[in-house]
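Worksheet: one structure, shown below.
Nothing in this text is a laboratory measurement; each read-out follows from the coordinates by a stated rule. All of these numbers come straight from a predicted model, not from anything done at the bench. Cβ: placed from backbone, ideal geometry, glycine included. Neighbour counts: every protein chain shown.
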Amino acid sequence: MKTFIQNIPLATEDPIQLLDVTEEVRRVLRASGVRDGILTVISRHTTAFVNLNEVEPNLQEDMRVWLESFVPRDRDYLHNRNTVDDRDNAHSHLMGLLLNASETIPVVDGELSLGTWQSILFVEVDGPRPRRELTVHVMGS
């Protein structure tokens, strides 16, 4: 069995931003040489996540608005009283309770086995951030 790991650097510009990273992940898969196996994409951040969903501008705006309304920024969260990095980002961590840090996708004949409307999204909920990173781990033959 072959394994291959590569990082994808990212930057975000908005407080909540959904980036389609499907093509970047496909490039990593091609570089791995794996034809059949599994691919895992993980965000090693506590306020940025990975999601499989449809890429459509109105839907992405709905997702952003829903996250903001579900976990409002302006509440008196305990975490914000003693911030670690001078960011009042308790709401971002709480959004993480609803999101996934990683997704695992089957690889069949050298291709990601995604559904017709599925894309791989990087979901930033504590932006803007000049340095973010996804790790892609491919295993197979």
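So here's what we get for this one:
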read-out: In the range 103-116, the residues that are touching a residue at least 24 places away in the same chain (Cβ under 8 Å), assigned to a loop (DSSP other than H, G, I, E, B) and surrounded by 11 or more Cβ atoms within 10 Å (Cβ to Cβ); value: GLY110, LEU114
read-out: Pair list, Cβ < 6 Å and 6+ apart or interchain, from the range 1-25 residues that are closer than 14 Å to SER43 by Cβ and touching a residue at least 60 places away in the same chain (Cβ under 8 Å) to residues that are part of a helix (DSSP H, G or I) and not acidic (Asp, Glu); value: LEU18/GLN60
read-out: Test set (1) among the aliphatic types (A, V, I, L, M); (2) surrounded by 15 or more Cβ atoms within 10 Å (Cβ to Cβ); (3) over 21 Å from LEU29 (Cβ atoms) - LEU121 fails condition number; value: (3)
read-out: Residue match in the range 55-71 (condition: of a type in the set (Ser, Thr, Tyr), out of contact with any Asp or Glu (no Cβ under 6 Å at 6 or more places or on another chain), farther than 21 Å from PRO130 by Cβ and touching a residue at least 12 places away in the same chain (Cβ under 8 Å)); value: no
read-out: Lone unmet requirement of (1) charged (D, E, K, R); (2) touching a Lys or Arg at 6+ places or on another chain (Cβ under 8 Å); (3) not in a loop (DSSP other than H, G, I, E, B) for ARG131; value: (2)
